1. Answer yes or no: is there a residue in the stretch 335-347 that is outside any strand (DSSP E or B), farther than 17 Å from F202 by Cα and not charged (D, E, K, R).
2. Go over the candidates A206, A265, A210, A239 one by one and state the one that is free of Cβ contacts under 8 Å to residues at least 40 places away in the same chain and small (G, A, S).
3. For the condition over 30 Å from L5 (Cβ atoms), more than 18 Å from the chain's Cα centre (by Cα), assigned by TED's automatic domain parsing to the domain that holds D421 and not hydrophobic (A, V, I, L, M, F, W, C), what is the one hit in P158, P142, P168?
4. For a quick check of your reading of the model, give me the residue pairs whose first member lies in the stretch 334-353 and is in the same structural domain as L233 (by TED's automatic domain parsing), whose second is surrounded by fewer than 16 Cβ atoms within 10 Å (Cβ to Cβ) and small (G, A, S), with beta-carbon atoms closer than 6 Å and at least 6 apart or on different chains.
5. Are any residues in the stretch 82-100 assigned to a strand (DSSP E or B) and out of contact with any Gly (no Cβ under 6 Å at 6 or more places or on another chain), and if so, which ones?
6. Does I277 satisfy the condition of being of a type in the set (A, V, I, L, M, F, W, C), in contact with a Phe, Trp or Tyr (Cβ under 9 Å, 6 or more places away or on another chain) and either surrounded by 14 or more Cβ atoms within 10 Å (Cβ to Cβ) or free of Cβ contacts under 8 Å to residues at least 24 places away in the same chain (or both)?
7. Checking the conditions here, which among L149, L171, L163, L141 is modelled with pLDDT under 95 and either of a type in the set (G, A, S) or buried (at least 22 other Cβ atoms within 10 Å of the Cβ) (or both)?
8. For the stretch 297-315, give me each residue that is surrounded by 15 or more Cβ atoms within 10 Å (Cβ to Cβ), within 18 Å of I245 (Cα to Cα) and not charged (D, E, K, R).
Amino acid sequence: MDGTLERVTRLVAERREAYLQRLVEYVRLRSVSATGEGVRGTGGYIRDVLAGGGFRARLHETAGHPAVVAHRAGTRDRPHLLIYGHYDVQPPGEDELWDSPPFAPEVRAGRLFGRGTADNKGQHLAHVIATELLVELLGELPAPVTFLLDGEEEVGSPHLDQLVRDLPDELAGTDLVIVSDGPTARDDRYDIVYGLRGILAFELTATGAARDLHSGHFGEIPPNPLWTLVHLLASMKDAAGNITIDGFQELVTPLPVRERQAIAALEPDPAELLASIGAPRLAPSPAASIGEREMARPTLTINGLHGGYGGPRNKTVLPHRAVAKCDIRLVDGQAADTVWELVQRHVRAHAPDVTATWHGAMHPSRTSMDEPFAAVVAGAVRAATGREPIHRPTMGGSLPMWVFTRTLGRPALLLPLGNVDEANHAPNENFALDRFYQGIVISAAVQLALAGS
């Protein structure tokens with residue numbers, strides 16, 4: 001491994017400009033899944049890139065946007081690595097908020113700026129280039145690799161589960177799934193993340209009269225839908241931060257000792273964290289630590305509460321309609337559909353006239369920190385970077401990794417390559433080029449290490 005990895009590192013250094021231009025060409029392609037703009041064409045582009053690298057690659061149709069599925073055998077039959085990424089991107093937003101056009105990528109201060117640079121084109125392109133280098137140096141991949149590149153991740157991957165179910169022959173032999181998406185927590189280290197919280201997004205709608213009314217004449221006559229929602233929401237979470245939906249907390253699977261120890265080792269300084277986000281204090285919570293709040297406990301968040309008058313000064317109006325938009329972050333044991341049933345039951349019991357509307361969900365995902373392949377991947381990261389990765393039991397956010405751990409039944413690890421401030425989903429999204437090049441080397445190291453395991 002050492003000799004091959006040294007040659008990979010040398011070739012990446014020699015070809016930095018060529019690899020940058022490949023990333024620039026890829027980022028120029030619009031692939032906004034929310035609108036459909038350019039998605040199929042971009043999928044065809046990266047399919048052709050993989051086919052040019054010797055993969056058996058195709059566009060696989062779904063009920064929405066197509067996915068790219070590509071496979072190449074290796075000199076060994078096992079272990080079979082599945083690399084998941086996504087070629088779709090978020091809408092760019094308002095052009096004036098960008099320092100350079102979102103689909104005209106520009107290099108500034110060692111970073112490439114543009115929509116999709118880090119989320120996720122640059123990260124999976126690093127893996128693609130790594131496979132090309134290994135074939136160049138070894139004549140073949142050291143072990144089989146399959147790429148599954150989603151065209152709908154930025155709209156919640158609604159068809160990924162069915163896609164995986166539709167590919168039994170191609171994915172049945174998978175031994176490990178690696179997902180490189182999102183930023184690392186620190187720019188001087190890389191992370192291995194073993195789990196992600198799930199998410200359930202929903203909306204609560206309350207109505208009163210047929211139209212807005214004068215609050216003096218009608219203030220205590222028809223129900224005020226804002227008060228209806230305020231009381232309902234208060235019944236779902238108490239002042240101490242406990243989620244009080246019946247049966248909710250009982251679903252949570254307690255974390256093993258090793259995961260709890262890992263969470264404790266990552267505990268940030270509360271004062272520094274509060275200062276960094278400009279918050280005056282921590283929210284009430286039964287959790288004893290910040291790490292437990294982020295990684296071990298579910299949350300219920302009111303994303304927005306809307307209704308009535310919101311203009312200047314005052315308007316004495318009794319609103320006829322109010323809406324609360326919410327999300328629940330789910331932890332291991334809390335299947336999204338089961339929690340949704342509990343939410344609906346709670347609404348029926350406490351505010352039967354309120355309508356609850358599902359807006360999408362992802363199950364939580366969890367891979368044991370004792371997974372043997374995790375130690376192999378950690379060794380590869382050490383070999384490529386000279387530093388031990390940071391082992392994170394769970395990430396606070398959500399990705400569709402549950403499809404691999406639940407539906408496919410395989411261990412899945414998140415190995416982010418992006419810089420801390422990659423600004424994914426925001427104006428001026430960027431990918432630090434040193435991390436792009438380093439990501440190629442890390443991917444090659446992982447494939448070599450897995451083949452030798």
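The values are calculated or read from the model by the stated rules, or taken from the named source; none is laboratory data. Since the model is a prediction, treat every value here as computed from it, not as a measurement. When we count neighbours, we look across all protein chains shown, and the Cβ atoms used for this are built from the backbone with ideal geometry, even at glycine.
1. Within the stretch 335-347, the first condition is being outside any strand (DSSP E or B), and the residues that meet it are 335-347.
From what's left, farther than 17 Å from F202 by Cα: none.
The answer is no; no qualifying residue exists.
2. On the way: A206 fails: free of Cβ contacts under 8 Å to residues at least 40 places away in the same chain; A210 fails: free of Cβ contacts under 8 Å to residues at least 40 places away in the same chain; A239 fails: free of Cβ contacts under 8 Å to residues at least 40 places away in the same chain.
A265 is the lone residue from the list that is free of Cβ contacts under 8 Å to residues at least 40 places away in the same chain and small (G, A, S).
3. Values: P158 fails: more than 18 Å from the chain's Cα centre (by Cα); P142 fails: over 30 Å from L5 (Cβ atoms).
Only one candidate passes the filter, namely P168.
4. Close Cβ pairs (under 6 Å, with a partner that is surrounded by fewer than 16 Cβ atoms within 10 Å (Cβ to Cβ) and small (G, A, S)) amount to L342/G247; H350/S235.
5. Of the stretch 82-100, the ones assigned to a strand (DSSP E or B) are 82-86, 89.
L82, I83, Y84, G85, H86 - these are the residues of the stretch 82-100 that are assigned to a strand (DSSP E or B) and out of contact with any Gly (no Cβ under 6 Å at 6 or more places or on another chain).
6. Numbers: of a type in the set (A, V, I, L, M, F, W, C): yes; in contact with a Phe, Trp or Tyr (Cβ under 9 Å, 6 or more places away or on another chain): no; either surrounded by 14 or more Cβ atoms within 10 Å (Cβ to Cβ) or free of Cβ contacts under 8 Å to residues at least 24 places away in the same chain (or both): yes.
No; evaluated as a whole, the condition is false for this residue.
7. Details: L149 fails: modelled with pLDDT under 95; L163 fails: modelled with pLDDT under 95; L141 fails: modelled with pLDDT under 95.
Residue meeting the stated conditions: L171.
8. Scanning the stretch 297-315 gives P298, T299, L300.
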